[in-house]
Amino acid sequence: MVVKMVDRGRIIMGRLPKGADLLASLTRLCLEENVQLGVVRAIGAVTRARVGFYDQQHRTYRYLEFNRPHEIISLEGNISRKDGQPFVHAHIALMSEEGQMVGGHLVEGTEVFACEFVITEFIYEADNTFERIFDEETGLFLWPPRVKP
Ligand code: ZN
């Protein structure tokens, strides 16, 4: 289990431009603003979407593409460090024209139609608490466990 108290830093609120890649834009913003740790939320719409599903048995991501407009019902994610850089891990819930919900692990290839976001920064202390490392049990890059279960 990883537990750590963190203090809040800045709150960054804004809108991404039409045509931008949703995940790449959020990641670039974190790099430009030097957000090392935090949470991100967003709503809006996309012209197309690409999401991942982690196949736990085969330890690999499978990707789904939705090549038409969807509403962003909810984007929820965290910002931490991987390879010494800010890394955005976000999941997205989308609604089609017919009202059907789809979603998953947000990956590059999701194009913004309109997107309003809020990033809450947490104060980063230069320790490795939230530095992603390879986790043998899952095959994912996760925060290191402090206490073995
Ligand atoms: Zn994920």
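Observations on the structure shown:
- Taking Lys and Arg as +1 and Asp and Glu as -1, the other residues whose beta-carbon sits under 14 Å from that of residue 125 total -1.
- Per-residue HN-Hα couplings for the stretch 100-106 [Karplus 6.51, -1.76, 1.60; θ = phi - 60°; Hz; x = Gly/Pro]: 7, 9, 9, x, x, 6, 5
- The stretch 82-119 versus the stretch 1-35: alpha-carbon centroid distance in Å: 12
- Viscosity 0.890 mPa s, 25 °C: Kirkwood-radius Stokes-Einstein D of the stretch 77-149 over Cα pairs, µm²/s: 164
- Exposed GluC sites (Glu not before Pro) absent - longest run of the chain, DSSP non-H/G/I/E/B, at most 13 other C-beta within 10 Å: 1-96
- Using Cβ point charges alone (K and R +1, D and E -1), the dipole size of the chain about the Cα centre works out to roughly 80 debye.
- Each Lys or Arg adds one and each Asp or Glu subtracts one; over the other residues with Cβ under 9 Å from the Cβ of residue 66, this totals +2.
- For residue 68, the accessible surface of its heavy atoms amounts to roughly 100 Å² (probe 1.4 Å, protein chains only, rounded to the nearest 10).
- Per residue accessible area of the stretch 10-142, 1.4 Å probe, in Å²: 56
- Alpha-carbon Rg with Dmax, taken over the chain, Å: 15.8, 47
- The phi torsions of the stretch 41-58, fed into the Karplus equation with coefficients 6.51, -1.76 and 1.60 and a -60° offset, translate into couplings of 9, 7, 9, x, 8, 10, 7, 7, 9, 9, 9, x, 10, 8, 7, 5, 6, 8 Hz, rounded to whole numbers, with Gly and Pro shown as x.
- Distant-in-sequence amide H partners of residue 82 (H built 1.01 Å from N, under 5 Å): 87, 132
- Distant-in-sequence amide H partners of residue 9 (H built 1.01 Å from N, under 5 Å): 121, 122, 123
- Local electrostatic count at residue 90 - Lys and Arg +1, Asp and Glu -1, tallied over other residues with Cβ under 10 Å: 0
- Note on the chain: GNM, Cα springs under 10 Å; of 112, 40, 102, the largest mean-square fluctuation is that of 102.
- Heavy-atom accessible surface of residue 16, to the nearest 10 Å², is about 10 Å², with a 1.4 Å probe and all protein chains retained.
The values are calculated or read from the model by the stated rules, or taken from the named source; none is laboratory data. As the structure is a prediction and not an experimental result, all values here were calculated from the model. Every residue, glycine among them, receives a Cβ derived from its backbone with ideal geometry; neighbour counts consider all protein chains shown. Just so you know, the surface numbers come from the protein's heavy atoms only, side chains and all, with ligands and any DNA or RNA stripped out. Shrake-Rupley method; radii C 1.70, N 1.55, O 1.52, S 1.80 Å.
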